[in-house]
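Working notes for the structure below.
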Amino acid sequence: MKYYDFESMPLVLDVIDICDTLSIGRNKGYELINSGRIPALRIGNHFRIPREEFIKFLREGVQTA
């Protein structure tokens, strides 16, 4: 699901949420998480990204290339 403002985002996002919002593929989303550029919690086999960390990533303008 794409989110168009921060208020509509849930408190915790999954990889698909960030990929849809950034218009990137899943591989790139996992790369951003595994590299630590987007901090995430690992729960079992799933990653969960706190909304505030994702917003911080966006506001800091971290390069993803």
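The values are calculated or read from the model by the stated rules, or taken from the named source; none is laboratory data. Here the structure is a predicted model, which is why all the values come from computation and not from measurement. Cβ atoms come from the backbone with ideal geometry, glycine included; neighbour counts cover every protein chain shown. For the accessible areas, the whole protein counts, side chains as well, though only heavy atoms, and no ligand, DNA or RNA atoms are used. Shrake-Rupley method; radii C 1.70, N 1.55, O 1.52, S 1.80 Å.
Taking the criterion of being within 11 Å of the chain's Cα centre (by Cα) and either polar (S, T, N, Q) or open to solvent by 60 Å² or more (accessible area, probe 1.4 Å) (or both), the residues of the stretch 1-22 that qualify are 12, 16, 21.
Kindly state which helices (runs of 4 or more DSSP H) lie completely within the chain and contain at least 1 residues that are in contact with a Cys (Cβ under 6 Å, 6 or more places away or on another chain) and touching a residue at least 12 places away in the same chain (Cβ under 8 Å). Walk me through it before giving the result.
Working: elements: 15-22, 26-34, 51-60.
By residue number, 26-34.
Residue under question is residue 26, and the condition is that it be of a type in the set (D, E, K, R), open to solvent by 80 Å² or more (accessible area, probe 1.4 Å) and touching a helix residue (DSSP H, G or I) at 6+ places or on another chain (Cβ under 8 Å); does it hold? So residue 26 fits the description; yes.
Take the conditions at pLDDT 95 or above, surrounded by 18 or more Cβ atoms within 10 Å (Cβ to Cβ), at negative phi and of a type in the set (A, V, I, L, M) and apply them to residue 32. Does it pass? Taking the combined requirement at face value, the residue satisfies it.
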